[in-house]
Structures are given as structure tokens and as C-alpha cells.
Amino acid sequence: MPKVTEAHRAARRHEISQAALRCFARNGFQGTSMADIIAESGLSAGAIYGHYSSKNEIIQLVITDVLDARFLEVAEARTHSPLPAPGEIIGLIIGGMTAQVGDLGMLVQVWGEVAHEPELRSITDSIGHRVRGMLTDYLTGWYAESLGVGDDDAHRMAERYAPLYVGIVQGYVTQTTLFDDFDSAAYLAAASSIRPG
């Protein structure tokens, strides 16, 4: 029997993630079953269950796929000089999520599920830690460059403000989902104007 390569396993996980994402976008998380994901993927139940034992594990996969793409985009943006302003980074994150997920309301559904699913809470806690780390790294460079402060001071400010920027992303997602008159350009401009006090 031929050995399955890690590249093949990664491609299969991505295929499952994309099928799940389509199902979640169409039916919501509550309305999507493992059977739906299996049918959407065109794979056998054994192929799916060989990778994931539950819908929550697949939700983790989908969230990780979406965020890993954002990490790469932000890492690339950090190579620019001057660094993009915080509002531009938030716009980059939001734009990438919108392109990959489609309806950002799906993220609001995930957050709603977290309140009822302890397993998802541990997943989102871990993901939140990674996102705060990504934003801390970016903001450290931004504060050092834009405010002319030393790396240690910039890092301390970044650690303090990174959770605020996580909230700004969540606020964008929530408001664009709930409010027809949400002004995304003004929101992102305001995010760029925040300075540590």
C-alpha cells in the first residue's frame, strides 16, 4: 500500500475545509451536519472521519485555515516601508476574510456557538491568543516607526493595544453584519487614528 504524504493529507484537509465552509455559509453552523459536509466534499465518510471525528474539529480547521491566510498577508505587509497604518492592516484582515468566507455573518455565528460549546471555547481562546500575538508583533513595529520609540516601549504599548485591535476587527464584523448603514471606510480611518496615550 503506497504511503500517504503529508502534502496529500494537507490537500485533503484543505478540501474538507472548503466543503465545510460552503456548507456553513449556506446553512449556518447549527444547520450543517457531518453528513452535509461529507456530501458537499464528495469524499467518503471514512475519508472525512479519518481526519476529523466531529463538526467542532472541522470548525477548528476552517477557522485555522482562514486565520493562517491572514497571518501570511500581515507578515507580507510588515515587509513594506513605511508600515501600513493600523486601519490598513484591519482592512487587509477583513478583506481577506471576506474574500475567503464570503458572508462575515458566519463569524458572528461562530461566536454565538462558543457560548454553548466548551470545546469551541478552548479553540477560540487559542486562536485569540495567536491573533493578539500577530497584532502585537505588527503594532510593535508600527509604534517604533510611527512614534519613534524604542523597541521595548513599542512592545509594551503593542501588548496593551493589541486586544483593542482584536475588538476593532470583531466590531467591524458585527457592525457590517447587523447595520445596513455601517460606514466601513470611516471605521477603518478611525482605527488608524488611535494613538497610545
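The values are calculated or read from the model by the stated rules, or taken from the named source; none is laboratory data. Every value quoted in this text rests on a predicted model; they were computed, and no experiment measured them. Cβ sites come from the backbone with ideal geometry, for glycine too, and all protein chains shown count toward neighbours. What goes into the accessible areas is simple: the full protein's heavy atoms, side chains included, and nothing from ligands, DNA or RNA. Shrake-Rupley method; radii C 1.70, N 1.55, O 1.52, S 1.80 Å.
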### Query
Can you tell me the accessible area per residue over segment 90-148, all protein chains present, probe 1.4 angstrom, in square angstrom?
46 Å²
### Task
Highest first, please rank the peptides 102-112, 118-128 by the mean number of other Cβ atoms sitting within 10 Å of their residues.
102-112, 118-128
### Query
Ignoring any ligand, DNA or RNA, what whole percent of the accessible area of segment 1-71 comes from carbon and sulfur when the probe is 1.4 angstrom?
56 percent
### Query
Among 122, 138, 97, whose Cα sits farthest toward the positive end of the charge dipole of segment 97-139 (+1 at Cβ of Lys/Arg, -1 at Cβ of Asp/Glu, about the Cα centre)?
138
### Task
Pull out the extension gain between residue 30 and residue 119, defined as 0.36 nm times the separation in residues minus the alpha carbon to alpha carbon distance; nm, one decimal.
30.5 nm
### Heavy atoms of residue 6: accessible area, 1.4 Å probe, square angstrom to 10
100 Å²
#### Entry: Size of charge dipole - the chain - debye, nearest 20, with Cβ of Lys, Arg +1 and Asp, Glu -1, no other charges
420 debye
### Query
If you place +1 on the Cβ of every Lys and Arg, -1 on the Cβ of every Asp and Glu, and leave all else neutral, what size is the dipole of segment 142-197 about its Cα centre, to the nearest 20 Debye?
120 debye
### Query
In nm, what is the difference between 0.36 nm times the number of residues separating residue 64 and residue 159 and their Cα-Cα distance?
32.0 nm
### Per-residue ³J(HN,Hα) for segment 10-15, Karplus 6.51 cos²θ - 1.76 cosθ + 1.60, θ = phi - 60°, Hz, x for Gly and Pro
5, 5, 5, 4, 5, 4
### Message
I'd like the distance separating the alpha-carbon centroids of segment 1-54 and segment 83-132, in whole Å.
### Response
21 Å
### Message
Please list, by residue number, everything in segment 168-191 whose backbone N is under 18 Å from a paramagnetic label point 7 Å out along Cα→Cβ of residue 147.
### Response
168, 190-191
### Query
Once you put a point 7 Å from the Cα of residue 108 and another 7 Å from the Cα of residue 71, both along the Cβ direction, what distance in nm separates them?
2.8 nm
### Query
When all protein chains stay in place, what accessible area (Å², nearest 10, 1.4 Å probe) is found for residue 145?
90 Å²
### Query
Full extension from residue 22 to residue 186: what is 0.36 nm times the residue separation minus their Cα-Cα distance, to one decimal in nm?
56.0 nm
### Query
Between the DSSP loop rule and a limit of at most 15 other Cβ atoms within 10 Å, which chymotrypsin sites (Phe, Trp or Tyr not before Pro) in segment 20-107 are left?
none
